[in-house]
């Protein structure tokens, strides 16, 4: 079956513009996660969804970042007024349930470049 | 909250040698410890995991050991091959919360 997909694969934008990143999780997976990976760095946890609900938004770097999930499926991560420090690969993952011992399946990521 | 430290950040080994990556965690309530492998241009992929009720788990050339008293766990790769070259991430969780990842180890296997 299909894995986690993300679009676009690459996004180049100008400083100050808004961007929207999309994640399509594996069908039936109730938990969805967003991470940020800067060049050569580790996985910075941003936010997770259990169904359509995001119980903890404290991982989002600033109030320019927001995320939503509708219908228990597709999720979008929106970055408003992008800054150069937002340049990174944004990874999405999904798992069958939230409990950590459920394997997280990652998408290929969206590489965001802010000029 | 949980904090996971991972060492070393980079590791180079000769093909055929063994590689060991170590992680420590801070939350004694953590009971699940997976390892993920990230190849270039791809998302991380689970390669092995261990729960706190066992001390060691093996899967062919890879093994993970856990020392709950010392709060550390390690990934062991034997007979390394060029295709083992990747970034490896350890993680920890107490089960009902999202994984907390280490900062990763870039492993290079030199042919």
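Here are the numbers:
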| item | result |
| --- | --- |
| Whole-Å distance, taken between Cα centres, linking the range B:94-111 and the range B:39-72 | 9 Å |
| Descending Cα extents along the principal axes, the range B:1-75, whole Å | 36, 24, 20 |
| Taking the convex hull of Cα positions in the protein assembly as shown, its mean projected area over all directions (nm²) | 12.4 nm² |
| Among beta bridges that DSSP assigns inside chain A, antiparallel share in %, nearest 5 | 90 percent |
| Relative contact order of the range A:29-102, pairs being alpha-carbon contacts under 8 Å that are 6 or more residues apart, as % | 39 percent |
| Directionally averaged shadow of the range B:55-111, computed from the convex hull of its alpha-carbon atoms, nm² | 4.8 nm² |
| Cβ-Cβ FRET estimate between residue A:87 and residue B:40, R0 fixed at 22 Å, reported to 0.05 | 0.75 |
| DSSP-defined antiparallel bridges as percent of all bridges, the protein assembly as shown, nearest 5 | 90 percent |
| Pairwise FRET efficiency - residue B:9 versus residue A:113, Cβ, R0 = 22 Å, nearest 0.05 | 0.35 |
| Rel. contact order, % - alpha carbon contacts under 8 angstrom, at least six apart, chain B | 37 percent |
| Average Cα contact separation per residue, the range B:36-76, under 8 Å, 6 or more apart, as relative contact order % | 25 percent |
| Equivalent ellipsoid, the range A:10-59 (semi-axes from 5 times Cα gyration tensor eigenvalues, Å) | 22, 15, 13 |
| Percent of Cα-Cα distances greater than 10 Å, calculated over the range A:31-72 | 71 percent |
| Highest-fluctuation residue, A:63, A:86, A:18 considered, GNM on chain A with Cα pairs under 10 Å | A:63 |
| Distance histogram in 10 Å bins (all Cα pairs of chain A, percent per bin) | 15, 50, 29, 5 |
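Taken together, the values in this text are just the output of simple stated rules run on the coordinates, not laboratory data. What you are looking at is a predicted structure, and each value in this text was computed from that prediction instead of being measured. All Cβ positions, even for glycine, are placed from backbone atoms using ideal geometry, and neighbour counts span all protein chains on display.
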